[in-house]
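So the structure is just underneath, and the comments pick up after that.
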Amino acid sequence: MAERGGRGSGGGHGSLDKSITLPPDEIFRNLENAKRFAIDIGGSLTKLAYYSTVQHKVARVRSFDHSGKDIENEPLYEISVQEEITARLHFIKFENTYIETCLDFIKDHLVNTETKVIKATGGGAYKFKDLIEKKLGLKVDKEDVMTCLIKGCNFVLRNIPHEVFAYQKDSDTEFRFQTNHPNIFPYLLVNIGSGVSIVKVETEDKFEWIGGSSIGGGTFWGLGALLTKTKKFDELLQLASKGQHTNVDMLVKDVYGGAYQTLGLSGNLIASSFGKSTTADKEFSKEDMAKSLLHMISNDIGQLACLYAKLHNLDKIYFGGFFIRGHPVTMRTITYSINFFSKGEVQALFLRHEGYLGAIGAFLKGAEQDNPNQYSWGENYAGSSGLMSTSPDVYPMQRTRSGTFDMLEMDRLERPLVNLPLLKDPSTYIPDTVDLTDDAMARKYWLTCFEEALDGVAKRAAASQPDSVDAQERAEKFRQKYWNKLQTLRQQPFAYGTLTVRSLLDTREHCLNEFNFPDPYSKVKQKENGIALKRFQSVIESLDSLGWEERQFALVKGLLAGNVFDWGAKAVSDVLESEPQFGFEEAKSKLQERPWLEDSYSQWLQRLKEGPPHKCALIFADNSGIDIILGVFPFVRELLSRGTEVILACNSGPALNDVTYSESLIVTERIAAMDPVIHSALRDEKLLLVQTGSSSPCLDLSRLDAGLAELVRERQTDLVVIEGMGRAIHTNYYAALSCESLKLAVIKNSWLADRLGGKIFSVIFKYEVPCK
Amino acid sequence: MEPPRSCGDGAEEEKKPRRRGGGADAGPPQLRRRSSGGADGAAGPQPRERGGSVSRQRRDSVRKNRPLFPWFGLDIGGTLVKLVYFEPKDITAEEEEEEVENLKSIRKYLTSNVAYGSTGIRDVHLELRDLTLCGRKGNLHFIRFPTHDMPAFIQMGSEKHFSSLHTTLCATGGGAYKFEQDFRTMGDLELCKLDELDCLIKGVLYIDSVGFNGHSECYYFENPTDAERCQKLPFNLENPYPLLLVNIGSGVSILAVYSKENYKRVTGTSLGGGTFFGLCCLLTGCSTFEEALEMASQGDSTKVDKLVRDIYGGDYERFGLPGWAVASSFGNMMSKEKRESVSKEDLARATLITITNNIGSIARMCALNENINRVVFVGNFLRINTISMRLLAYALDYWSKGQLKALFLEHEGYFGAVGALLELLDSA
C-alpha cells in the first residue's frame, strides 16, 4: 500500500511474506458491502475491482418551524448528522503471489453480497479460474481482454481529471498532465504486453484492432533473459537503465566515420541494432545489451505506432501494458521514438491508472444494468494510492510497496458533471492558476502551509463533534492520513495529477470525510449566518440611502469585505478565533484602498452606467455568514433591481466555511421574508438557487452540475461572477469565458499577495469582456 | 538507419523528396584529384553541376569520352564492402601494349581469382557477361569483403600503385566518408563520394534493364502462402514506377521511387541484417552470417516465440488473428524451463523470423501510407536467405490480403556499387 507511512515504515523491503495478514480497514475497504466483482489477472499483477456502498455521515441542515416562536434566541436552522449511502468503486492491485491470501480474505469478509458471478479478464483469468471459483464460490465469467481495456480506458479518460500525461525527459517534472478534452475520440491505444496490439477507438462501442507487432514486452523479457541471464523484467530494466547502447549498436557515425554531418544525419542515430555484436570474439556487458534491446524494441514500437497513426490520421496515442506500466525508462524511450518518427506531430501519452483499465472495463461489463456510464465519478484522493515515482533508485521503498498493494477509489457523484457552457475553449481550459508540480518554490510553500494548518484543522474537526466519544481518535487518524499524503506529495508531487492548491484542499476534504467529519464548520456557519441575517436590513437601508454611483462602489466593497471571512485562510482564522467582535465594518477597514492590486472597477462602473442590464448573472458564492448575506445578497438585489436575472450557485457539499446549497436555501428564504425584492424575485423565478455539483473550496468550471449548465443556457447567461480566493485566484484567475465576467477576491495569504506583487488584504477586482 | 538515442533531432532529411541532379546532396559527383588543388576537406558544399568544375587533368584524359581504366564501383557499408569491377574483353592488341603493368596486374588478379585473402569473395554466379558499357564490351564482376578488412584493401591498392593509374575511385555508402582519409593518406587516392540512395536506385534500374545474362533480374514467389505450390518466377519490371525499395543491409532503408529522378526516403529501421547476425552471434556463438543462416534453417522458431494459439488456444477471432501468427517474439523465453529446452538452431531461426517479419510489417505500412503496391527487397541480408524472402513474400501477401507484391532482385546487395560505377561513367 502506497499510502501508509510515507516515511518511517522501515523494514520489510521486498521481503513481504506470502502469508501477510491484511488489515481490513485499509485494504479491501468496504468489502462487507461489495455488490459486484471483477478481476483482471495479468502476467504478474492481479487487479481486483468491486463496487460497494459506503455508509458515511453527512451534515444536513433543516429549517426550524419558527411560527409563533421567539426567533431572536433560536439558531437559524437545525444541523443533524445523518448516515448516507453512496456508491464507490474500489480497485486494488497486487502481485499474483498474494492471490490466494487475498481470495481467502475476501471470502472471510464478504458479508452482504448477493452476486453469484465475478467478471474476469486478463491472460491469467484462465489459469486462476478454478481457484477463484473454489475459494469465492462465485462463477467466473470471462470477458475479452481488449474490450475490457478499451472500456476502462474510455472510463478513466472521461472521469478522472489529469488521467493523461506526457513524459518529458530532462525536466523537473517528469510528467506533463493533460487537460481532459471534452471529446476523447478518436484515439489509438497501443497496448504493449508480451506482444503489441494497436487498436483504433472511434466511439464508446466502436473499436478496431488495426495492427500489432510481435516485438513487445515479451521480446524484451525473453530475449533479455537469454542475453543477460537476468530473469526478472524489472531487473532487466534496471540493467538497461545503466547500460550504454552505443557499445552494442552500430551508429550512423560508426558507418560514416566522422563525416556524417555532411549528410544532415545525426551520427548518433542507430544504423543497426546489435550491429557491433557481429563477432564471436568479444564480450558485451549485460547492461549494454539490455539497453540496446530496450532501444531496439521501443524504437520499433514507436515507429509502427506512428505508421498506423499516420495511416488512420490520428495524433493521440495512449500507451499501456506491462512494458510501460509506470517504468520511466520505457516511457522515455517510447516518447523519444514517437517524437522522432512523427517529427513531433504525434504525442505519446500515458495514463495514471493504466494498470487498472482491464479491471475497470471488466467491472463495467458486469455492471451494465447499473448504468455506471450515466454517472460522473470522481477519484477519491483519500482512498487512492496515487502514481508512484518513476525513479526506482530514488524511492525504492515506495516502489516495493506499490508493487504490493496499490489502490484506486472512485466515488459515484450524485449528478452528472459537465462543462460550463460559457467556457471559451473547453479543450484548453485549465482551472488551476499555479501548477505546483512545476513551480517548486510555490509547492514548498503550500505544502508547508497545509502542514502548519493541519493541527488546527484536526482540532476543529474534533471540536465539531463534542458529543462523539471517538472524535479525538478519528481526528488524530485524519491528521495522520493527511500528513502522510502531504509527505507523499513532497516526494511525488505528480501522484494525483498536477499538484495544485485545489488538489491539496480537495484531498483534505476527502480525508476529513473518510474519518466522518462531514462538515467541521457547520456550527460556525450556523452561528455566522444567524448573526449576519440580523444585520441584513440595516445594511440594505444604508445602501439604499446612497446615490447610485456611491452605492455601486459600496456594493463591491461589501462583496470584498464579506470575502474576508474565510476560515480557510490562516491569517483570518487567527483573527476570528481571537477577536469574536470582528465584523463587517472591521473587515471593510482591512481592505486595500483603491487602486487595487488588480483594478478594473472603473470599466465595470462604466459598463453598468452605459450598457443595458445584463440578461442573467451566474454567481458562484464563497463563504457562509457575512460573505453571502451582507456581501453577495445586496449585490444580487441590485442586479435584480436592474432587471438582471440571477443564478446563485453554491457547493453541493460542505468545504470549509463555504456556503452549501442547502444552507443557501434557508438563508435565502429568511432574506426573502425580510426583503420584498428578493421575495418577488424568488416567486417569479428571477432568482434561482442551484448547486455546483462540487464539494471543493475551489472551482472547476469543466466539472459542474448538469442542471446548472442547462439553466445557464436556458437563461442566456451573460455575466459570470466568481468570488473568493479559492474560486477566483487559486482557480479561474486566467479562465477565459465567452461572456463578461467579474473575478473578485481579497488575498488573505501574505505569501500569495507577495507573489502577485501586493500585500495581505490586497484586492483583486478583475472585470473582463471577451474580445469580439 | 534509424533512431537512436541521445541525439537531439537527427533526421530532418527524411521524407524530403530528393531529385537526382537537383539538391546539394543528390547531384552527380565532382571529380577531382588531389593534385588538382581543390579545397579538399572543406566543409562547404561542393559544386555539383553535371560537367561542372572538372579538373584540367581529367579533361585531358577523357578524349574518348570515357574514363580511364580500371572501372570500379565501390559501396562501403556498415558490415560489407561491395566492389564491382568491369573487365573489358574487347582490348585491342594496341591497347594491351599500352596497358600499364599495374593495370594489367589488377585485372589479372581480380579475374583469375574467386577469393581474395581470407575474406574477399567474388560472386561468380552473379557475373554479368558481354555487357556494353560506354562503348566497351566486357564482364561485370561482383566482389565483396567485410568492412573491417578495409584497411588491408587500401594497403593493397597502395602496394599495387593504384594511384599511378590516374583513375577515379567512385565510392558510396557510409564508408566512403569514414575511409576517405585513409584512402588519401595510405593510398594516395582521392575518393569520389557518392550519395548511397542515388547509387542504389541507379544500380537497380540499370541492372534490371540489362537483365541477368538473358534471364530476368527481378523475380517473385508465386503462391507464397502455400508451401507446396510456392515457386520462384521471373517478374517483368519494365514499368517499375511507383515502387517501394527496401534495402536491407546492416540496417534498413525504405525508399519510395516515383521516377528515375524522383524518389524519397520514407523511413528506415535499425532492425536489419546486422541485428540478425549480431543477435545470433550473442545467442549462439556463431561467427559468420552463413553459419547463422545455416543454423536458422535447421531450427524451429515456434519453440522460442509465443504464438497466438499459445495464448488463445487457437485463432483470436475477436481480432481475426490466426493461431499460427507470432504474438510475442521470444515470448516463450520468459519462462526458465523453456529457455533451457531450446536449441541454438531454434534461437537462430526465431531471430531470423523476428527480424524478417518486422521488416515486412514496416514495409507493408509504408506501402499503404505511400499508396504503392509493389515492394522490391534488396540488400545482402537476403543473400542465400530463401527463408526470409519467402517469409517476406508470404507476410506481404497475407496481411495485405493479396494487395501487395514482394519482388526480389538477383544481385541483392550490389546495386549501390553498380550505381557508383555508373556515376563514374556518366561523369565522363
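Could you check residue A:756 against (1) modelled with pLDDT under 95; (2) surrounded by 24 or more Cβ atoms within 10 Å (Cβ to Cβ) and say which number it fails?
Status for residue A:756: all satisfied but (2).
Evaluate the following for residue A:152: is it among the small types (Gly, Ala, Ser) and within 10 Å of chain B (Cβ to nearest Cβ)? Steps first, answer last, please.
Details: among the small types (Gly, Ala, Ser): yes; within 10 Å of chain B (Cβ to nearest Cβ): no.
When the stated conditions are applied, residue A:152 does not pass them.
Of the conditions (1) assigned to a helix (DSSP H, G or I); (2) touching a Leu at 6+ places or on another chain (Cβ under 7 Å), residue B:352 satisfies every one except a single condition; which number is it?
Among (1) assigned to a helix (DSSP H, G or I); (2) touching a Leu at 6+ places or on another chain (Cβ under 7 Å), the lone unmet condition for residue B:352 is (2).
Provide a single number: the residues in the range B:124-181 that are within 14 Å of another protein chain (Cβ to nearest Cβ) and closer than 18 Å to residue B:107 by Cα. Don't jump to the end; show me each part of the working.
Keep residues of the range B:124-181 that are within 14 Å of another protein chain (Cβ to nearest Cβ), which gives B:146-151, B:154, B:171-181.
Adding the requirement that they be closer than 18 Å to residue B:107 by Cα leaves B:154.
Residues flagged as within 14 Å of another protein chain (Cβ to nearest Cβ) and closer than 18 Å to residue B:107 by Cα within the range B:124-181 amount to 1.
Do you know which residues across the range A:271-315 are in contact with a strand residue (DSSP E or B) (Cβ under 8 Å, 6 or more places away or on another chain), within 24 Å of residue A:238 (Cα to Cα) and more than 10 Å from chain B (Cβ to nearest Cβ)?
Across the range A:271-315, the qualifying residue is only A:301.
Which condition number does residue A:672 fail, the rest of (1) more than 23 Å from residue A:532 (Cα to Cα); (2) surrounded by fewer than 20 Cβ atoms within 10 Å (Cβ to Cβ); (3) small (Gly, Ala, Ser) being met?
Here residue A:672 clears every test but (1).
Quick one: would you say residue A:514 is of a type outside the set (Val, Ile, Thr), over 30 Å from residue A:53 (Cα atoms) and open to solvent by 20 Å² or more (accessible area, probe 1.4 Å)? Working first, answer last.
Values: of a type outside the set (Val, Ile, Thr): yes; over 30 Å from residue A:53 (Cα atoms): no; open to solvent by 20 Å² or more (accessible area, probe 1.4 Å): yes.
Criteria not met by residue A:514.
Restricting attention to the range B:259-284, and to residues there that are more than 9 Å from chain A (Cβ to nearest Cβ) and closer than 20 Å to residue A:304 by Cα, which single residue is surrounded by the fewest Cβ atoms within 10 Å (Cβ to Cβ)?
If we take residues in the range B:259-284 being more than 9 Å from chain A (Cβ to nearest Cβ) and closer than 20 Å to residue A:304 by Cα, then B:264 is surrounded by the fewest Cβ atoms within 10 Å (Cβ to Cβ).
Take the conditions touching a helix residue (DSSP H, G or I) at 6+ places or on another chain (Cβ under 8 Å), among the hydroxyl-bearing types (Ser, Thr, Tyr) and closer than 29 Å to residue B:165 by Cα and apply them to residue B:206. Does it pass? Lay out the reasoning, then the answer.
Values: touching a helix residue (DSSP H, G or I) at 6+ places or on another chain (Cβ under 8 Å): yes; among the hydroxyl-bearing types (Ser, Thr, Tyr): yes; closer than 29 Å to residue B:165 by Cα: yes.
In short, yes.
Pull out all pairs, ordered by first then second residue, where Cβ-Cβ is under 7 Å, the residues are six or more apart or on different chains, the first lies in the range B:361-376 and is under 14 Å from residue B:247 (Cα atoms) and facing chain A (nearest Cβ under 9 Å), and the second is of a type in the set (Lys, Arg) and surrounded by 22 or more Cβ atoms within 10 Å (Cβ to Cβ).
Pairs that qualify, where the first residue is under 14 Å from residue B:247 (Cα atoms) and facing chain A (nearest Cβ under 9 Å) and the partner is of a type in the set (Lys, Arg) and surrounded by 22 or more Cβ atoms within 10 Å (Cβ to Cβ): there are none.
Could you tell me whether residue A:232 is more than 8 Å from chain B (Cβ to nearest Cβ), surrounded by fewer than 24 Cβ atoms within 10 Å (Cβ to Cβ) and not polar (S, T, N, Q)?
Values: more than 8 Å from chain B (Cβ to nearest Cβ): yes; surrounded by fewer than 24 Cβ atoms within 10 Å (Cβ to Cβ): yes; not polar (S, T, N, Q): yes.
In short, yes.
Considering (1) buried (at least 22 other Cβ atoms within 10 Å of the Cβ); (2) among the hydroxyl-bearing types (Ser, Thr, Tyr); (3) modelled with pLDDT of 95 or more, say which one residue A:285 fails and leave the rest.
(1)
Here is a yes/no grid of residues against (1) at the interface with chain A (Cβ under 9 Å from one of its Cβ atoms); (2) under 23 Å from residue A:236 (Cβ atoms); (3) of a type in the set (Val, Ile, Thr); (4) surrounded by fewer than 23 Cβ atoms within 10 Å (Cβ to Cβ):
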position: B:309; (1), (2), (3), (4): no, no, no, yes
position: B:317; (1), (2), (3), (4): no, no, no, yes
position: B:328; (1), (2), (3), (4): yes, yes, no, no
position: B:340; (1), (2), (3), (4): no, yes, no, yes
position: B:344; (1), (2), (3), (4): no, yes, no, yes
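Do any strands (runs of 3 or more DSSP E) entirely within the range B:80-185 hold 3 or more residues that are aliphatic (A, V, I, L, M) and in contact (Cβ under 8 Å) with a residue 12 or more places away in the chain, and if so, which? Can you show your working first?
Working: elements: B:80-88, B:120-122, B:128-133, B:136-146, B:169-172.
Hits in the range B:80-185: B:80-88, B:128-133.
Is it fair to say residue B:79 is among the hydroxyl-bearing types (Ser, Thr, Tyr) and touching a Ser or Thr at 6+ places or on another chain (Cβ under 7 Å)? Don't jump to the end; show me each part of the working.
On the way: among the hydroxyl-bearing types (Ser, Thr, Tyr): yes; touching a Ser or Thr at 6+ places or on another chain (Cβ under 7 Å): yes.
Criteria met by residue B:79.
Any residue in the range A:160-169 that is polar (S, T, N, Q) and either out of contact with any Phe, Trp or Tyr (no Cβ under 6 Å at 6 or more places or on another chain) or modelled with pLDDT of 95 or more (or both)? Please lay out each step first, then the result.
Within the range A:160-169, the first condition is being polar (S, T, N, Q), and the residues that meet it are A:168.
Right, trim to either out of contact with any Phe, Trp or Tyr (no Cβ under 6 Å at 6 or more places or on another chain) or modelled with pLDDT of 95 or more (or both) and you get A:168.
There is at least one residue in the range A:160-169 that is polar (S, T, N, Q) and either out of contact with any Phe, Trp or Tyr (no Cβ under 6 Å at 6 or more places or on another chain) or modelled with pLDDT of 95 or more (or both).
If I ask for residues that are within 15 Å of residue B:209 (Cβ to Cβ) and assigned to a strand (DSSP E or B), which ones from the range B:225-247 would you list?
In the first step, residues of the range B:225-247 are kept if they are within 15 Å of residue B:209 (Cβ to Cβ); the result is B:234-241, B:243.
Hits for the range B:225-247 are B:234, B:243.
Please specify each residue of the range A:610-633 satisfying the condition of being touching a residue at least 60 places away in the same chain (Cβ under 8 Å) and surrounded by fewer than 24 Cβ atoms within 10 Å (Cβ to Cβ). Let's see the steps before the verdict.
Quick first cut of the range A:610-633, residues touching a residue at least 60 places away in the same chain (Cβ under 8 Å) only: A:614-633.
The answer is A:614, A:615, A:616, A:619.
Can you name the condition, by its number, that residue A:320 falls short on among (1) open to solvent by 10 Å² or more (accessible area, probe 1.4 Å); (2) more than 8 Å from every other protein chain (Cβ to nearest Cβ); (3) under 22 Å from residue A:188 (Cβ atoms)?
(1)
Could you tell me which of the residues B:188, B:208 is over 26 Å from residue B:289 (Cα atoms), outside the structural domain of residue B:356 (by TED's automatic domain parsing) and surrounded by fewer than 18 Cβ atoms within 10 Å (Cβ to Cβ)? Can you show your working first?
On the way: B:208 fails: surrounded by fewer than 18 Cβ atoms within 10 Å (Cβ to Cβ).
From the options B:188, B:208, the qualifying one is B:188.
Answer yes or no as to whether residue B:405 is in contact (Cβ under 8 Å) with a residue 40 or more places away in the chain, open to solvent by 10 Å² or more (accessible area, probe 1.4 Å) and either charged (D, E, K, R) or within 14 Å of chain A (Cβ to nearest Cβ) (or both).
Details: in contact (Cβ under 8 Å) with a residue 40 or more places away in the chain: yes; open to solvent by 10 Å² or more (accessible area, probe 1.4 Å): yes; either charged (D, E, K, R) or within 14 Å of chain A (Cβ to nearest Cβ) (or both): yes.
Judged against the criteria, residue B:405 is a match.
Looking at residue A:376 and the list (1) closer than 21 Å to residue A:48 by Cβ; (2) outside the structural domain of residue A:212 (by the TED database), which single condition is not satisfied?
Every listed condition holds for residue A:376 apart from (1).
The values are calculated or read from the model by the stated rules, or taken from the named source; none is laboratory data. This structure is a prediction, so every number in the text was calculated from the model and none was measured. Quick reminder, even Gly has a Cβ in these numbers, built from the backbone with ideal geometry, and neighbours come from all protein chains shown. Quick note on the areas: whole protein, heavy atoms, side chains included, nothing else; ligands and nucleic acids left out. Shrake-Rupley method; radii C 1.70, N 1.55, O 1.52, S 1.80 Å.
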